[in-house]
Amino acid sequence: MVIGAAGYLYRPHNLEQINDVLGLARTTGVPVVARGSGCSYGDAAIMPEGVVLDFSKMRGVLALDPVSGIVDVEPGVTVEQLWRHTLADGWWPPVVTGTMEPSLGGCLAMNVHGKNNWVRGTMGDHCLELDLLTPERGLRTISREVEPELFHAVIGGFGQLGLITRTRMQLKRVRSGLIEGKAVAAPDLSSLLQRLDDAKDDWEYVVGWLDAFPRGGKLGRGQLHFARHLEADEDPDPKTSLDPAKQDLPGTIFGVVPKALVWRMMKPFTNNLGMRAINLAKYLHGSTLADGAVYRQSLAAFSFLLDYIPNWKNTYLPGGLIQHQSFVPVADAERVFRTQLEICRRYQMPSYLGVLKRHRPDDFLLTHAVDGFSLALDFPVIKARRAELWAMIRELAEPVVAAGGRFYPAKDAALPGELYRASFRNGELEAFAALKREVDPNGLLQSALATRLLES
Ligand SMILES: Cc1cc2nc3c(=O)[nH]c(=O)nc-3n(C[C@H](O)[C@H](O)[C@H](O)COP(=O)(O)OP(=O)(O)OC[C@H]3O[C@@H](n4cnc5c(N)ncnc54)[C@H](O)[C@@H]3O)c2cc1C
């Protein structure tokens, strides 16, 4: 979505400068909002009339132990910088996002998940400790052992309880820079969910693509991708595949079309008719030629599919796009997702891209994960239908709350605050508010997202 707010921008290089900004906020009352790479879809890293503390000048990898795979990084270090720094030593981030641009600070603040959430949990599960600068209590190192309550609330606490100024992460050992993947078609929603579930214990990565256009018996049809890391003895040349330079995404698509041109070529298809055709073609290919296909790919090519098409979001201009990602317990997932797809049909606003993942619960206070599935739906924002789109997102969210599900705020700029709040039933928001009063009693850390979701 095209969204913005007028404010001030500051790019600190060190802790002292961050402290200066907090000092200024204390004396002037101007709120501060942290920003990593600005990859959240919407209002997470902006605050009207506030100071945006942009961590893009704090991108140092401070230390890597090549034996244990423990790494210390500054908050602005991106997922890309991290793996480029560690892969040659056989270490890969255990959890990565669909793009390699996000910063580690932003990833922990949203507690991001990958295609292996069922197996590895979230990014926060691999954080050993972090340095947190809070307005009231200064700098402290917190972990599962030291101030565990604060640690579990800061991760996934969208920057409201303090500024992460350093993090220590445990990386994952890999013996090859390649994955082996398998593509499997599913003719309807029920089989898509079932096959995803059946595969979750046998593969490191499982993800489903869903064609949101068909109705009736074909509703929710799609394709699944399963993948696992290759072992050293399966890779003919692990030294080469672990070389970060060999992971680079190709500069062309199909060996011919320069990547930079692709979004322009996609633009004429970014409408209901064009997207129906693209989804149909993808399904037909996936259910015939590609069904059961086994393939090998570099880790980067498999993990960061969206980086293949630079500026892909431009295809959605001028209105931009929004995404709604809901997490629903296993027992209700099929019913709720079916209902959501039917709501989209009623509004005549089909999702242009649908992605399914399998999740497991975790112990972070404001976690979005449940023992269930998530469905992420992308929608174009068309000015004349914006109010309807927002009304539709509300309708999509209602059955999720009723089923005991959750939402992922990093990607959802349209979720009404009362539905977000209703998804927490066990005092989590009260506990979060109590911590906020303790570490930031004057509310110096704010964001447009926190205002929308937390303030009634
Ligand atoms: C193409 C694409 C694919 C994506 N795929 C996935 C995916 O597969 N899984 C997933 O979970 N997410 C995914 N995301 C979402 C993205 O990973 C999250 O929004 C992530 O938080 C972005 O990190 P960032 O550095 O850009 O943070 P920003 O968007 O800049 O900020 C996010 C939040 O973190 C806070 N913050 C940032 N830095 C700090 C800090 N140092 N201390 C305290 N708070 C801080 C901000 O205040 C804000 O609340 C995707 C996003 C895109 C654009």
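In region 290-307, which residues are open to solvent by 10 Å² or more (accessible area, probe 1.4 Å) and either out of contact with any Ser or Thr (no Cβ under 6 Å at 6 or more places or on another chain) or over 23 Å from W92 (Cβ atoms) (or both)?
Our first condition is that a residue be open to solvent by 10 Å² or more (accessible area, probe 1.4 Å); within region 290-307, this holds for 290-298, 302, 305-307.
Across region 290-307, the qualifying residues are A290, D291, G292, A293, V294, Y295, R296, Q297, S298, F302, L305.
Table: residues versus (1) away from the ligand (no atom under 15 Å from the Cβ); (2) part of a loop (DSSP other than H, G, I, E, B); (3) of a type in the set (A, V, I, L, M, F, W, C).
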position	(1), (2), (3)
L196	yes, no, yes
D202	yes, yes, no
V207	no, no, yes
G217	yes, no, no
G220	yes, yes, no
Q223	yes, no, no
A227	no, no, yes
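A single entry from L261, L273 fulfils the requirement of being over 30 Å from H85 (Cα atoms) and open to solvent by 70 Å² or more (accessible area, probe 1.4 Å): L273.
Just wondering, is there one or more residues in region 221-240 that are open to solvent by less than 20 Å² (accessible area, probe 1.4 Å) and within 20 Å of F327 (Cβ to Cβ)? Yes - at least one qualifying residue is present in region 221-240. Scanning region 298-348 for residues that are of a type in the set (S, T, N, Q) and in a helix (DSSP H, G or I) turns up S303, N314, T315, T339, Q340. None of P318, P310 is more than 20 Å from A212 (Cα to Cα), within 16 Å of the ligand (Cβ to nearest atom) and surrounded by fewer than 16 Cβ atoms within 10 Å (Cβ to Cβ) except P310. Being open to solvent by 10 Å² or more (accessible area, probe 1.4 Å), more than 27 Å from G69 (Cβ to Cβ) and not in a loop (DSSP other than H, G, I, E, B) is a description that applies to V184. So which residues in region 25-44 are of a type outside the set (D, E) and out of contact with any Phe, Trp or Tyr (no Cβ under 9 Å at 6 or more places or on another chain)? Passing the criteria: A25, R26, T27, T28, G29, P31, V33, G38, C39, Y41, G42. Residues satisfying the criterion are present in region 166-174 (criterion: more than 14 Å from the ligand (Cβ to nearest atom), open to solvent by less than 10 Å² (accessible area, probe 1.4 Å) and more than 19 Å from the chain's Cα centre (by Cα)).
Put simply, of G162, G156 the only residue that is at pLDDT 95 or above, within 13 Å of the ligand (Cβ to nearest atom) and touching a His at 6+ places or on another chain (Cβ under 9 Å) is G156. Scanning region 42-57 for residues being touching a Lys or Arg at 6+ places or on another chain (Cβ under 9 Å) and open to solvent by less than 40 Å² (accessible area, probe 1.4 Å) gives a total of 10. Looking at region 333-361, which of the residues that are more than 26 Å from I382 (Cα to Cα) and touching a strand residue (DSSP E or B) at 6+ places or on another chain (Cβ under 8 Å) is farthest from the ligand (Cβ to nearest atom)? Filtering first and then ranking leaves A333.
Looking at region 70-122, which of its residues are within 14 Å of the ligand (Cβ to nearest atom) and polar (S, T, N, Q)? Within region 70-122, T78, Q81, T97, T99, S103, N111, N116, N117, T122 meet the criteria. Only one entry in R345, R358 is open to solvent by 20 Å² or more (accessible area, probe 1.4 Å) and among the basic types (K, R), namely R345.
Out of G60, G4, G38, one residue alone is open to solvent by 10 Å² or more (accessible area, probe 1.4 Å) and modelled with pLDDT under 95. It is G4.
For first residues located in region 297-317 and farther than 18 Å from P380 by Cα, partners that are of a type in the set (K, R) and near the ligand (Cβ under 9 Å from one of its atoms) and lie 6+ apart or on another chain with Cβ distances below 9 Å form the pairs F302/K115; S303/K115. One residue is enough: does region 382-402 have a residue meeting the conditions acidic (D, E) and either in contact with a Lys or Arg (Cβ under 9 Å, 6 or more places away or on another chain) or within 16 Å of the ligand (Cβ to nearest atom) (or both)? Yes: one or more hits.
Of Y283, Y295, all but one fail to be of a type in the set (S, T, Y), within 26 Å of the chain's Cα centre (by Cα) and part of a strand (DSSP E or B); the exception is Y295.
Picking from residues in region 132-149 that are part of a strand (DSSP E or B) and more than 10 Å from the ligand (Cβ to nearest atom), the one that is surrounded by the most Cβ atoms within 10 Å (Cβ to Cβ) is I142.
Picking from residues in region 7-35 that are among the hydroxyl-bearing types (S, T, Y) and either within 12 Å of the ligand (Cβ to nearest atom) or part of a helix (DSSP H, G or I) (or both), the one that is surrounded by the most Cβ atoms within 10 Å (Cβ to Cβ) is T28.
Taking each residue of region 110-130 that is in a loop (DSSP other than H, G, I, E, B) and open to solvent by less than 40 Å² (accessible area, probe 1.4 Å) and looking for partners that are more than 9 Å from the ligand (Cβ to nearest atom) and at pLDDT below 95 with beta-carbon atoms closer than 8 Å, six or more apart or interchain, yields H113/A369; G121/A369; T122/A369. The sole residue among A422, A402, A397, A391 that is of a type in the set (G, A, S) and either under 21 Å from the mean Cα position of the chain (by Cα) or within 23 Å of G222 (Cα to Cα) (or both) is A397. Scanning region 85-96 turns up no residue that is within 18 Å of L163 (Cβ to Cβ) and not in a strand (DSSP E or B).
The values are calculated or read from the model by the stated rules, or taken from the named source; none is laboratory data. Everything numeric in this text was worked out from a predicted model, so none of it was measured. For neighbour counting, all protein chains shown are included, and Cβ atoms are generated from backbone atoms with ideal geometry for every residue, glycine included. Side chains included, ligands, DNA and RNA excluded: accessible areas come from the protein's heavy atoms. Shrake-Rupley method; radii C 1.70, N 1.55, O 1.52, S 1.80 Å.
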